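Report on the following structure.
The values are calculated or read from the model by the stated rules, or taken from the named source; none is laboratory data. Remember, predicted model here, so these are calculated numbers, not experimental data. Heads up, the Cβs are rebuilt from the backbone with ideal geometry, glycines too, and the neighbour counts pull from every protein chain shown.
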Number of protein chains: 2
Amino acid sequence: MNHALDCLFRPRSIAVVGASRTRGTLGAEIFHNLVSNGFSGPVYPVNPGAASVQSVRAFGTVLEIPDPVDLAILVVPQKRVLPAVEDCGRKGVRGVVVISAGFGETGLAGRALQDELMARVHAHGMRLIGPNCLGILNTDPAISMDATFAPTWPPHGGVSLSSQSGALGVAILDRARDLGIGISQFASIGNKADVSGNDLLEYWESDPATRVILMYMESFGNPRRFWQIARRVGRTKPIAVVKSGRTAAGARAASSHTGALAGLDVAVDALLGQAGVIRTDTIEQLFDVAILLANQPVAAGHRVAILTNAGGPGIMATDACESRGLQLPALAPHTEAALRALLPPEASLRNPVDMIASASAPTYEAALRLLIADPNVDSVIVLFVPPVVTEATAVAEAIRRGGAGSPKPVLTCFMGTHGVPPALSSLREGRFPSYAFPEAAAIALSRSVAYGRWLARPEGTVPALDDVSSARARAAIGPARGEPTGRWLEPEQVREVLAAYGLRTPRGIVARDEDAAARAAEGLERPVAVKLMSATITHKTDVGGVVLDVRGGPAAANAFRTIRDRLTERGLEGEMSGVLVQEMFSSGVETFVGVTQDPVFGPLIGFGLGGVNVEVWKDVVFRVHPITDEDARDMIAQVRGGKLLDGFRGAPPADRVALVDALMRVSRMLADLPELLEMDINPLLALGPGEGTVAVDARIRVRDSLT
Amino acid sequence: MNHALDCLFRPRSIAVVGASRTRGTLGAEIFHNLVSNGFSGPVYPVNPGAASVQSVRAFGTVLEIPDPVDLAILVVPQKRVLPAVEDCGRKGVRGVVVISAGFGETGLAGRALQDELMARVHAHGMRLIGPNCLGILNTDPAISMDATFAPTWPPHGGVSLSSQSGALGVAILDRARDLGIGISQFASIGNKADVSGNDLLEYWESDPATRVILMYMESFGNPRRFWQIARRVGRTKPIAVVKSGRTAAGARAASSHTGALAGLDVAVDALLGQAGVIRTDTIEQLFDVAILLANQPVAAGHRVAILTNAGGPGIMATDACESRGLQLPALAPHTEAALRALLPPEASLRNPVDMIASASAPTYEAALRLLIADPNVDSVIVLFVPPVVTEATAVAEAIRRGGAGSPKPVLTCFMGTHGVPPALSSLREGRFPSYAFPEAAAIALSRSVAYGRWLARPEGTVPALDDVSSARARAAIGPARGEPTGRWLEPEQVREVLAAYGLRTPRGIVARDEDAAARAAEGLERPVAVKLMSATITHKTDVGGVVLDVRGGPAAANAFRTIRDRLTERGLEGEMSGVLVQEMFSSGVETFVGVTQDPVFGPLIGFGLGGVNVEVWKDVVFRVHPITDEDARDMIAQVRGGKLLDGFRGAPPADRVALVDALMRVSRMLADLPELLEMDINPLLALGPGEGTVAVDARIRVRDSLT
């Protein structure tokens, strides 16, 4: 045993504590599965009330077993789990799988019991899966271990998977067998008291039989660790997950725009995307992409050729590809010429290539070779609808030959043939995944293409930024005051914090009365904006608290009066602490940069279009902190309304280099200042190329408790 | 035979012209299918070279058959089709199905041949399906006709379907049998030379065995007629379609914003939505929704209760429902109390209701009854994951009992049980559709809910609008000048056309020089906008052709100079015909109303947010002309950035009544003026409630050819 978890997945002997004579009970089914699916070593039933279980000599306790035991499966009532674990520890058992429920999942008392369980497991240096799980499984013919009570023993293959739900685990194994998907190892991880999904990721990283890793997750135990592990493992083995369940709706502070914008699932999507993990919506799509990645190379790009013997399915496949961001390129002239020589005149030589119903198996083989060789093509989807005489098997054999050794992925779709022809089955060499309808093939391919893009993307760097000063920012924030929900900084403090991180703000002067406002406006060169200052009113424009394009002293005094009058009308005059007289910029693109906290994932950074766009269109892209410059470029590129950044209607384009720089400075700020809870910079004005950015308005909330 | 198409679907006798002795040929397979699937009358093989075909006495021509023949299936080479049809006509055959290919689908010569074929069919008063099709099928036990060469004979049931692709038809029948979906009638309609999908819609409307109609379409023959028929039929029988294939990319005029915005598929979506037709993305989803609608009532609303015996699948179902716009309501207090009495303390009584793994069949039955009776609930999804002892069948029986007679739809999902338990099979009475995973159930349910919403929606009315004058508009447009691509109207003409339809425009004065601009500004009360006039420059702001908020004569003269200088800089001074000095509105929400032509569907009307929003966010909702006031309200409600219409940040809300009125006036304009090709009103300024709208800027292109 080379790896700490080998005691669980590659044991030489197993005891089933709670093995039962009564078929239909958990203890009977697990024992039965281990024996009937041919575990390679001895399986010892432990049952104090029976001399034998299912014709095998039984023992009263683990300690009575005369031979060494590597792994114990515990299927006893909850109150007997701890004594049984103690026995296992004394016996020298290395791994335990606790099927029994009634621990952390049931509340406070259960959680205490689980802690006690783990204390004993640690004391004996054991590893544990569960409690409250379905069991584990390893199809390696050298092990052949079915330590689950699921009725399904899947075929052996390259896919390993973990499930946080036992119930879904049963359904997943069942479906895998129906689809003929080869499984290497499976674990139902239950309460994850010891071994987690993260541990299994690392274990399967070093398992030569595992080519693809699948996970069904309901929660992240340690998302930061998951991120670190997944992005490393993902470089060599693709990881695909179904993540269900949302973070509690009320859990995230939503007092900032950023907080309100960051949808409940946005952090999960951001984290998985940054880590290169493929997220699918359903279990079926999970298998669809697994069968592709386990059997075919990753596509180098998004250009697909479609080969068909019927027009309708070809159109459907084209629609499905294009709606998933895949492209059907024009074929190279020499490919088209070769196809013309091969196919009847009625065939359509443009992509999708419709060979019409007369296409024979040899035609399929030759055409497939041509498409694979085409330099314009990154992948091929082959469709087949049986004409009268069904030669699906011959066509499948032809595809197997034509696609053998292809450096580009080949996917197939055999419609109306009652399933996958044996020649293409994922269980055999020369595997070509086959889907019931073209859409499933297109969806799986688009996910593989996105994974390939992640693999090819440089990781990016984090610039040094020598000109930032956390000390200056801390001095501006001042000492904690013990306000339990944190506190919003005053505008002067905000400006100082931004300045400490090299983020430019407009010059501005605080004025407490009309005269001061007039003097301030006269002291600034540009036209000014006069803005309400208030500790309590967050949306200044909602109360008429902003007057723009004010020119000269008298106009500024007038603006002060206007704002004061508007507040008085609303009975809010007591909330006004003065105005900020600020230089104005008449050009530039309004963008938005924000920070919010996710209760599970920590700080999120958002970028989008600013001003009212933020609230109306919610066009903000999030990443989990920390980010690299590549991440920042990605965020800017993914904004839907990006047209506005490109120089819309004759305006100069936005200074994208400066936007990346601003995002890196915000990320650095988060790294230096853990007290920073929330921030909205709106707008962050992006001036023309080489002119930089200006944080025209910003709000910052800091953690302010004494703990 | 009561209906003209009964000769095709309810014949008393059939001749197979081209019936063959050689199994594997089309002519042999169709004859074999008719006989082996037990057609209720005699089937006559017609084959001049054989005395008998498959042990049945054969005839040299149809004319030699001594008995009457209602229907002839033609499977002869293309060149023998016309003589055979002529024979059929002389014999008194009422219906023909032409399997043979080589007609309209092959080009000009084939199209001529098809015309000749139809001339003979019409001359003899016959009806025809095809040519170039797979055949037709009627599972009614009194008929039992399989006149296809597909290898599948589906079970009898309430779903009728037509397919424009023969190849896909084979796959569809195959899949229907795999899923156990009962089919009433099926037709592969091939080239639709006579009988179309529209004809079949009307035929199946009156077929008592048909409860749901499915269609696979690649093109609309006559979309307006489809619209009329579908919205009538859809009131009593749901229609679901897969429509693949896009309108040709270049076919739609895209010189207006509206044209560029109306995506290639937007007209199809609009038409189907307006007609109440359910559109699914895939064949699988088509069956998923068909099995629901054929067996369960339509939900009265979007509130779903989920009943499960396992947490994980419950979470997945919840996610799937919410992401499809369905809602999981809180249960009524009395429901929760009754569930508390029924279920163990570990169960979760909040929706989704997790009864935990110990739930028995009687518990399922009782809990299902409670959820159906809950007034907060419109539909129920029941999930089952087998615990150790699989009692899926008992649970299925319990669901059948608990859900019997429910006025609310009940959907089920049995995971990990190798398919649908027989008790729930769609072929038996007390049918409850069962899905492999919760997502498919949620997607099907959401489509059924949308259909129910369409059924419940009033159709709306078209106001009389006595104050419009097509004569005044026509006078403004002037006589056709024979410009082949149509022509853009001059601003004065545009204002006159809008005025003729009661659409308010800002007062504006054309000025050809600086002095005229100054005089014009002095003659208007409000601040003015000075706008470039040019027959060739369409995006005025792109060339700096608009100066806003101009106050007084000198400023207007200055604005004229500024615009002229900007054009001179760009070498465009020759394109300037003057400026429009126009009163400005400083408040109101900028909206967008547009018209474009779809080559297949005719005029489309679009509504969205105006100004730059149109181009940056493409937030425009389209409908096929003509629309009712309900359609107009829907369009306004569906705009994504609708927040801006609700009184954003203290601004007054938009006058929605006036927006509906404006859309009705545009629709009337289209009805009156077929020469109107394209129109962009951007912005259509929506003032505050009761204040109406102002078409600040608009462009109109009219058809201008002499034909």
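Descriptive notes on the structure:
- Residue ID - surrounded by the most Cβ atoms within 10 Å (Cβ to Cβ), chosen from residues in the range A:155-173 that are out of contact with any Lys or Arg (no Cβ under 8 Å at 6 or more places or on another chain) and modelled with pLDDT of 90 or more: A:Leu161
- Residue in the range A:395-416 that is at pLDDT below 70 and assigned by TED's automatic domain parsing to the domain that holds A:Ala367 present: no
- Any hit, the range A:144-154, residues being crowded, with 21+ Cβ neighbours inside 10 Å and touching a Phe, Trp or Tyr at 6+ places or on another chain (Cβ under 6 Å): yes
- Restricting attention to the range A:322-377, the residues that are basic (Lys, Arg), away from chain B (no Cβ under 14 Å) and closer than 19 Å to A:Val410 by Cα total 1.
- Taken as a whole, the structure leaves B:Ser184 outside the set of residues that are within 13 Å of chain A (Cβ to nearest Cβ), in contact (Cβ under 8 Å) with a residue 24 or more places away in the chain and part of a strand (DSSP E or B).
- Residue, farthest from the other protein chains (Cβ to nearest Cβ), within the range B:635-669, restricted to residues that are more than 18 Å from B:Thr693 (Cβ to Cβ) and within 25 Å of the chain's Cα centre (by Cα): B:Gln638
- Checked against (1) within 14 Å of chain A (Cβ to nearest Cβ); (2) buried (at least 24 other Cβ atoms within 10 Å of the Cβ), B:Ile129 passes all but condition (1).
Here is a yes/no grid of residues against (1) under 40 Å from the mean Cα position of the chain (by Cα); (2) more than 14 Å from every other protein chain (Cβ to nearest Cβ); (3) part of a loop (DSSP other than H, G, I, E, B):
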| residue | (1), (2), (3) |
| --- | --- |
| B:Arg447 | yes, yes, no |
| B:Arg453 | yes, yes, no |
| B:Glu459 | yes, yes, yes |
| B:Val468 | yes, yes, yes |
| B:Ala473 | yes, yes, no |
| B:Gln493 | yes, yes, no |
| B:Asp515 | no, yes, no |
| B:Arg526 | no, yes, yes |
| B:Ala559 | no, yes, no |
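- One residue alone among A:Ala444, A:Ala500, A:Ala440 is more than 25 Å from A:Arg703 (Cα to Cα), crowded, with 20+ Cβ neighbours inside 10 Å and at pLDDT 95 or above, and that residue is A:Ala444.
- Exactly one residue out of A:Gly314, A:Gly250, A:Gly263, A:Gly259 is modelled with pLDDT under 85, within 13 Å of chain B (Cβ to nearest Cβ) and not in a strand (DSSP E or B), and it is A:Gly263.
- Residue check for B:Leu673: more than 14 Å from chain A (Cβ to nearest Cβ), aliphatic (A, V, I, L, M) and surrounded by fewer than 20 Cβ atoms within 10 Å (Cβ to Cβ): yes
- Every residue from the range A:147-169 that is over 21 Å from A:Glu202 (Cβ atoms) and within 14 Å of chain B (Cβ to nearest Cβ): A:Thr148, A:Phe149, A:Ala150, A:Pro151, A:Thr152, A:Trp153, A:Pro154, A:Ser165, A:Gly166, A:Ala167, A:Leu168
- For the range B:20-58, the set of residues classified as in contact with a strand residue (DSSP E or B) (Cβ under 9 Å, 6 or more places away or on another chain), within 20 Å of B:Pro83 (Cα to Cα) and more than 14 Å from chain A (Cβ to nearest Cβ) consists of B:Tyr44, B:Pro45, B:Val46, B:Asn47, B:Pro48, B:Ala58, listed by residue number.
- Selection within the range B:221-245: residues that are touching a residue at least 60 places away in the same chain (Cβ under 8 Å) and under 11 Å from the mean Cα position of the chain (by Cα). The member of this set that is farthest from the other protein chains (Cβ to nearest Cβ) is B:Trp227.
- In this entry, A:Val382 is excluded by the filter for residues that are in a loop (DSSP other than H, G, I, E, B), buried (at least 16 other Cβ atoms within 10 Å of the Cβ), among the β-branched types (Val, Ile, Thr) and touching a residue at least 12 places away in the same chain (Cβ under 8 Å).
- Selection status of A:Arg120, part of a helix (DSSP H, G or I), basic (Lys, Arg), more than 36 Å from the chain's Cα centre (by Cα) and assigned by TED's automatic domain parsing to the domain that holds A:Ile14: no
- Here A:Val93, A:Val69, A:Val85 are screened, and the one residue that is more than 12 Å from A:Ala19 (Cβ to Cβ), in contact (Cβ under 8 Å) with a residue 24 or more places away in the chain and not in a loop (DSSP other than H, G, I, E, B) is A:Val85.
- The residues in the range A:96-117 that are surrounded by 21 or more Cβ atoms within 10 Å (Cβ to Cβ) and assigned to a loop (DSSP other than H, G, I, E, B) can be counted, and the count is 4.
- Odd one out for A:Phe607 among (1) modelled with pLDDT of 95 or more; (2) over 30 Å from A:Arg526 (Cβ atoms): (2)
- The one condition in (1) surrounded by fewer than 21 Cβ atoms within 10 Å (Cβ to Cβ); (2) part of a helix (DSSP H, G or I) that B:Ala535 fails to fulfil: (2)
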